[in-house]
Structure formats: C-alpha cells, structure tokens
C-alpha cells in the first residue's frame with residue numbers, strides 16, 4: 001500500500017509522457033488528476049490505519065529492492081513512514097490532488113496539456129520518494145527529482161526567454177545548496193559508515209561529542225542544502241523569479257511542498273542538529289532574518305504572485321526559526337497549515353489572473369469582490385490564515401506557538417522574538433493591502449469569465465481547511481487539545497523551555513495586538529487615508545526605500561556584481577582558451593621543425609650521398625673515440 | 001712458394017680505390033660515370049675481403065668477393081635500366097637537373 005502511493009504518480013507520469021500526445025484531453029485530465037487523487041485516497045486510508053494501530057516503533061518499513069552495493073555502502077530502495085513522513089505524504093498527495101483537479105480547469109486551453117500533467121505527476125512521485133526514503137541516498141534522489149521538476153515547470157512556457165532564465169536561475173541557485181548537502185552526506189558517511197537514516201540517528205549521539213566542529217560542519221552543510229531548496233537567506237533569490245511558471249505550479253511546488261523539503265530534511269536529521277547547538281542557533285537566525293527581510297519585500301511588490309512568493313519565503317522563515325529553536329512540532333505544524341492556505345492563495349490568485357486576461361499587477365485589478373464573490377471569500381480565508389487572524393484562521397494556531405517559543409525556548413531570545421513579531425505585523429499589513437487593492441475599490445480591468453467547477457471546488461475545500469485545520473492543536477494555556485504535537489512528538493523531541501517564564505498569555509496578546517495593528521495600518525493606508533501614500537510617493541527617500549525593497553534588498557544586484565560579472569569577465573578574458581594556447585604552441589613548434597628539416601630534402605643526389613658519408617664518418621669516429 | 005704476404009699494402013690500395021670511387025660519385029655530373037665510380041668502390045671492398053682472406057688463410061674472403069661480384073652484376077643491370085628510363089623521360093644525364101624529389105613546402 002505504501003509502495004502503491006508512491007508508484008501511482010510515477011505510473012501517471014509514464015502513461016502521460018509515453019502516450020500523452022495521442023490521448024484525448026479528457027483522458028489526460030483523468031490520468032493526471034486521477035493518479036494523484038487515488039494516491040491521496042490511499043494515503044487517507046493508510047493514515048487511518050497507521051493512527052489506529054501504529055507499530056510499536058512508530059515506523060512502518062517496506063523494503064522494495066536492493067539498489068546497489070559498493071564497498072561497505074549498501075543502498076536499498078526502501079520506504080519508511082513515521083508520523084513526520086505521514087504528515088508530509090498527506091499534504092503532498094491531498095493538496096497535490098486538489099491542485100491537479102484545479103489544473104484540469106486552469107490549463108484547459110494550453111497546448112501542452114499532457115506535458116504539464118506528466119511533469120506534475122513526476123513531481124508528486126519524486127516528492128513522495130523524498131519524504132518516504134529510508135536512507136539519505138534515496139532521499140537525495142527525490143531531492144534532485146523535485147529540483148528537476150521545478151526546473152521543467154518554471155520553464156513550462158519555454159517560448160519566452162524570461163521564463164527559461166527564471167528556470168535556469170532556480171536550478172543553479174538551488175544547486176549551490178544541493179552541492180553543500182551532498183558534501184554533508186559524504187561527511188556523514190565517512191564518520192558513521194552508513195547512510196541509513198535510523199542508523200544515523202541512533203549512532204550519532206555515541207559517535208559525536210556535542211558541539212564538536214565535525215558535527216557542526218555536517219549540520220551546517222545540511223542546513224545549506226535546506227536553505228537552497230527552501231529559499232532562505234542568502235539563497236532566496238530564485239523563488240520570486242520562479243513565479244514565471246503556471247499558477248498551479250507555484251501553488252504545488254513553490255508554496256506547499258517542494259520549498260518545504262528543507263524543513264523536512266532538518267526535522268528528519270534533528271539528532272544531528274541537536275548535537276550542534278551552533279548550527280541550531282544559525283538555523284534560527286537565518287529563519288528570523290529571512291522572515292523579516294522577505295516580509296519587507298512583500299509589502300511593496302505590485303505583482304500578485306511575487307507578493308505571495310515573498311510571503312512564502314517569509315513563512316518558511318518562520319518554520320526555520322522554529323526548527324532552530326528546537327520547536328520541531330511547531331515547525332511541522334506551521335508547514336501543515338501553510339500548505340493549505342498558501343496553496344489556496346496561489347490558486348485563487350491564478351483564478352483572478354486568468355479572469356483578467358493574465359493581468360498580474362494588483363494596481364490594475366480592483367473591485368473584484370462583487371464580480372467574483374467565491375474567489376473573494378476563499379482568498380479572504382487564505383489571507384486571514386496568512387495574517388494569522390486570531391481564532392478564525394489556521395495560521396493563528398500554527399504561528400502563535402512559534403512566536404511563543406521564539407522567546408521561551410532555550411535558544412530563544414528577545415531579538416528573535418522581536419523579528420518574528422515584526423514579521424507578524426508586516427504579514428498582516430501586506431495581506432490587508434493585497435485584499436483591499438485586488439478586491440476593493442473600483443473595477444479597472446474587465447472580467448473575462450468566471451472560473452469553472454474544476455477550479456472552484458479545490459478553492460472551497462482549501463478555504464475550509466485554511467479556517468479549520470488549525471483547530472487540531474490549541475495553544476495549551478487556552479485549551480488542552482494537542483493532537484498534532486502528540487503525533488509528531490512520537491518522532492521528534494518536545495521543545496526545551498527556559499525556566500521562570502512570564503505567562504504565555506502576555507505573548508499571545510502581544511501577537512494579536514500586533515496583527516490587528518498591521519491590519520489597521522493596511523486599512524488606513526489603502527482605504528482610509530489614501531493621502532498618506534500620495535504624500536510618501538513625493539518624498540525621494542521613501543521612494544528609494546520602496547525600490548530597494550521591491551528589488552528584494554538588492555540581492556540580485558549584489559550577486560550580479562559578486563559572481564555573475566566576475567564570471568563573465570573571466571569568460572571574456574579566456575575567450576581564446578588559455579590552456580588551448582599550450583597545445584597550439586606545441587603544434588607550431590612541430591611545424592617549425594618540419595620546415596627546417598624539409599630544406600635538407602633538396603632533390604640533389606650529391607647532397608644525400610654527402611649526408612650518408614658524414615653519417616658514416618660520425619659513427620666510425622664515435623666508435624674509435626669511445 | 002709462399003713469400004711473405006703484406007696485407008697492409010693491399011689494404012692501403014683498397015682504401016685508395018675506395019676514396020677514388022667516392023670522389024667520383026661526389027664530383028661527377030654524368031650519371032653513368034657515377035655508376036662506374038660505385039663499381040670502383042665495390043671492387044675496393046672486394047679487394048679488402050680477398051686480402052683479409054689471404055691474411056688469415058680463410059676461404060670466406062673469396063666467397064664474399066664472389067657474392068659482391070654477383071650483387072654488382074644485379075645492381076648494374078637495374079641501375080642501367082633506371083638510367084635508360086631517366087634519359088627517356090628527361091633527355092639528360094646530368095644529375096644536377098634531376099631534382100624531381102626535392103621538397104616544395106609552398107606548393108602542397
């Protein structure tokens with residue numbers, strides 16, 4: 001059953017890629033969406049079975065076959081599912097299935113219908129391999145598989161050079177992280193002589209001393225892998241550009257699943273991270289700084305998908321922060337709710353974009369509330385969850401613990417707490433801005449047609465989940481309901497808190513007040529007192545700040561001057577290939593010698609005889625002398 | 001009657017003959033004369049063999065001379081045939097004019 005969950009999307013991929021051109025559209029839609037939906041149903045059945053009668057160890061293993069053996073490295077294709085994997089599998093198949101169903105409507109007019117679903121199915125399959133893998137080699141296979149699918153789907157509309165550039169950028173930047181991660185895997189293997197995940201987690205505490213340089217290095221390299229895939233500082237620049245892909249791709253790959261692979265990797269390797277407190281601290285710092293910087297950029301973007309992309313980076317920053325604080329279950333819980341509401345936001349944004357003739361600038365939208373009520377209400381549910389509106393949204397239940405642990409965890413401090421609180425304010429602000437500009441005011445672009453049933457049903461489902469999915473886990477000072485963390489803490493340890501903490505309620509109140517303040521500020525600027533914005537637009541300092549944030553803190557320019565320009569300079573200098581000069585020189589010397597010797601071949605018989613004579617005399621003299 | 005045989009003198013004569021032949025090969029322009037000079041050099045070598053055979057009372061020197069004789073006959077027949085062909089094609093016997101085989105780097 002476990003194997004068939006992973007095999008179904010691959011089967012769909014094979015069918016669509018081999019026979020996709022000959023199949024009618026309706027068949028493509030059924031195969032593409034059907035394979036993932038079936039996998040989702042199987043996952044739900046399996047999940048129920050797992051929760052009711054989970055095995056004693058809490059892990060379900062399934063050895064498929066031996067992959068290869070080399071020296072003392074033996075790698076098998078074996079799947080294992082514990083509570084952590086189960087959460088990921090559920091999100092991947094369930095949200096994946098909804099997005100596939102949505103895509104059957106969204107992509108209905110596209111020429112490459114089959115190619116789209118083939119890539120999407122391959123992605124789901126690779127992602128399932130990633131989270132089900134029992135050893136790091138198989139995990140790495142899935143890791144690269146999802147990276148490849150991400151590349152293929154960002155550049156799906158390959159006829160536009162900008163899309164291909166975005167795809168290349170995503171591939172190259174994540175590759176930096178992947179390389180670091182691969183080196184980390186080598187180090188793990190050289191230290192422990194195994195890449196089997198349970199064996200690593202078991203042997204690591206005995207082999208490494210806590211805080212030793214070698215384990216810190218391994219943890220940092222794995223973190224770098226996660227930073228590349230999850231678009232964390234300083235490797236975040238690819239994600240905003242990745243929005244060149246179709247909206248369902250952004251929803252599935254660049255919001256709900258693939259970009260959280262880094263979170264999964266760190267959670268999976270939590271024992272190694274716990275042995276390296278410095279790496280934990282760096283993880284928390286990276287997350288904290290990323291969530292703040294990306295949030296600032298999201299405030300000023302004008303492209304609806306770029307706003308959501310920056311907010312994704314920011315939300316994954318929250319997950320990294322939680323991971324770094326040792327609040328493992330809080331991070332996974334935020335992943336869980338984030339997948340619902342961010343997928344919803346991207347899908348709803350896709351519906352808006354399609355209805356407005358592929359218009360992505362939010363300032364050319366407006367007044368859509370009356371015309372597209374369903375999209376409005378679903379978008380509202382998603383935005384409320386993103387802004388973590390208290391009690392009525394899933395985002396509140398998952399973000400509130402992270403804010404609490406930012407202060408109360410052993411790693412927590414006022415700086416991290418301040419960053420996450422500022423992030424909460426910023427998030428609430430840009431959510432309000434997005435809602436007011438897109439759906440409020442007057443209509444600026446005419447609506448072409450409303451989304452069909454295939455698109456509205458996934459939207460409604462995700463909207464309901466975005467509201468209620470948080471209720472399975474309450475802040476424990478309010479209500480004793482912790483289904484999610486009970487499940488996760490079978491696999492991951494519970495957070496360690498400081499002693500003598502102030503009451504949790506104060507922090508919650510602060511978070512709520514800050515969120516409401518953010519919403520109020522957004523309301524004031526974009527609805528109440530629009531004159532403030534007009535005044536700001538006249539002040540050069542504020543416009544400069546805005547442009548700086550719009551460009552994502554100038555990281556693209558920085559990397560351009562630091563890496564791209566020097567590289568191009570070297571290529572210009574080395575246009576003629578310096579190494580090749582050596583070989584050309586050798587050839588030229590040979591030609592010179594040839595010219596020199598060929599002058600002796602002058603056709604005169606006398607010369608030749610004289611040559612022979614001199615040779616003989618030379619040999620005889622040599623014999624006499626020696 | 002065996003009076004004392006002086007191999008040294010004979011070898012000097014052979015060397016003189018050889019140098020004479022060699023000078024002929026190097027200085028003559030006519031290809032026929034060059035062939036004749038080569039024959040002189042061969043005979044110088046034959047004389048040296050015979051002298052050496054007489055010095056050590058061995059028949060090998062005379063056997064070797066017979067070989068040289070046979071080889072010289074074969075060589076001169078091939079050589080004369082080549083000379084005939086050269087004359088047919090170039091209408092000259094002057095070795096200075098026969099430079100067909102020189103390297104021409106700028107022409108290939």
Matching residues in segment B:54-108 - criterion: being within 14 Å of chain A (Cβ to nearest Cβ) and either at pLDDT 95 or above or within 21 Å of the chain's Cα centre (by Cα) (or both): B:79, B:82, B:83, B:86, B:93, B:94, B:95, B:96, B:98
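One line per residue, one yes/no per condition, for (1) closer than 30 Å to residue A:493 by Cβ; (2) modelled with pLDDT under 85; (3) touching a helix residue (DSSP H, G or I) at 6+ places or on another chain (Cβ under 6 Å); (4) part of a loop (DSSP other than H, G, I, E, B):
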{"position": "A:8", "(1), (2), (3), (4)": "no, no, yes, no"}
{"position": "A:12", "(1), (2), (3), (4)": "no, no, yes, no"}
{"position": "A:22", "(1), (2), (3), (4)": "no, yes, no, yes"}
{"position": "A:33", "(1), (2), (3), (4)": "no, no, yes, no"}
{"position": "A:36", "(1), (2), (3), (4)": "no, no, yes, no"}
{"position": "A:39", "(1), (2), (3), (4)": "no, no, yes, no"}
{"position": "A:44", "(1), (2), (3), (4)": "yes, no, no, no"}
{"position": "A:48", "(1), (2), (3), (4)": "yes, no, no, no"}
{"position": "A:55", "(1), (2), (3), (4)": "yes, yes, no, yes"}
Matching entry among A:530, A:490, A:498 (being surrounded by fewer than 17 Cβ atoms within 10 Å (Cβ to Cβ) and within 19 Å of residue A:406 (Cβ to Cβ)): A:498
Selected residue (criterion: nearest to the other protein chains (Cβ to nearest Cβ)) from residues of segment B:25-35 that are part of a helix (DSSP H, G or I) and surrounded by fewer than 16 Cβ atoms within 10 Å (Cβ to Cβ): B:26
Total residues in segment A:205-242, condition outside any helix (DSSP H, G or I) and within 26 Å of residue A:560 (Cβ to Cβ): 8
Those residues of segment A:471-496 which are in a helix (DSSP H, G or I) and more than 30 Å from residue A:198 (Cα to Cα), in sequence order: A:471
Out of A:582, A:612, A:589, A:625, sole residue that is under 50 Å from the mean Cα position of the chain (by Cα) and either on the phi < 0 side of the Ramachandran plot or away from chain B (no Cβ under 13 Å) (or both): A:582
Flag if residue A:382 is within 17 Å of residue A:462 (Cβ to Cβ), assigned to a helix (DSSP H, G or I) and modelled with pLDDT under 85: no
Residues of segment A:401-418 classified as assigned to a helix (DSSP H, G or I) and either surrounded by 24 or more Cβ atoms within 10 Å (Cβ to Cβ) or touching a strand residue (DSSP E or B) at 6+ places or on another chain (Cβ under 6 Å) (or both), total: 8
One residue from A:557, A:623, A:537 being in a helix (DSSP H, G or I) and modelled with pLDDT of 85 or more: A:623
Condition broken by residue A:607, with the remaining ones in (1) within 14 Å of another protein chain (Cβ to nearest Cβ); (2) not in a helix (DSSP H, G or I) satisfied: (2)
Condition check for residue A:423: modelled with pLDDT under 85, buried (at least 23 other Cβ atoms within 10 Å of the Cβ), over 25 Å from residue A:358 (Cβ atoms) and in contact with a helix residue (DSSP H, G or I) (Cβ under 8 Å, 6 or more places away or on another chain): no
Only one of B:16, B:22 that is surrounded by fewer than 13 Cβ atoms within 10 Å (Cβ to Cβ) and either modelled with pLDDT of 90 or more or more than 14 Å from chain A (Cβ to nearest Cβ) (or both): B:16
Matching residues, segment A:438-462, being under 28 Å from the mean Cα position of the chain (by Cα) and either free of Cβ contacts under 8 Å to residues at least 24 places away in the same chain or within 30 Å of residue A:533 (Cβ to Cβ) (or both): A:438
For residue A:538: the one exception among (1) exposed (fewer than 10 other Cβ atoms within 10 Å of the Cβ); (2) more than 39 Å from the chain's Cα centre (by Cα): (2)
Flag if residue A:596 is loosely packed, with under 11 Cβ neighbours inside 10 Å, within 11 Å of chain B (Cβ to nearest Cβ) and in a helix (DSSP H, G or I): yes
Any hit, segment A:306-326, residues being assigned to a helix (DSSP H, G or I) and surrounded by fewer than 24 Cβ atoms within 10 Å (Cβ to Cβ): yes
Lone unmet requirement of (1) loosely packed, with under 15 Cβ neighbours inside 10 Å; (2) free of Cβ contacts under 8 Å to residues at least 24 places away in the same chain; (3) more than 18 Å from residue A:608 (Cβ to Cβ) for residue B:101: (3)
Test: residue B:51 is surrounded by 15 or more Cβ atoms within 10 Å (Cβ to Cβ), touching a residue at least 24 places away in the same chain (Cβ under 8 Å), away from chain A (no Cβ under 13 Å) and more than 14 Å from the chain's Cα centre (by Cα): yes
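The values are calculated or read from the model by the stated rules, or taken from the named source; none is laboratory data. Everything numeric in this text was worked out from a predicted model, so none of it was measured. Neighbour counts are summed over all protein chains in view; Cβ atoms, including those assigned to glycine, are modelled from backbone coordinates with ideal geometry.
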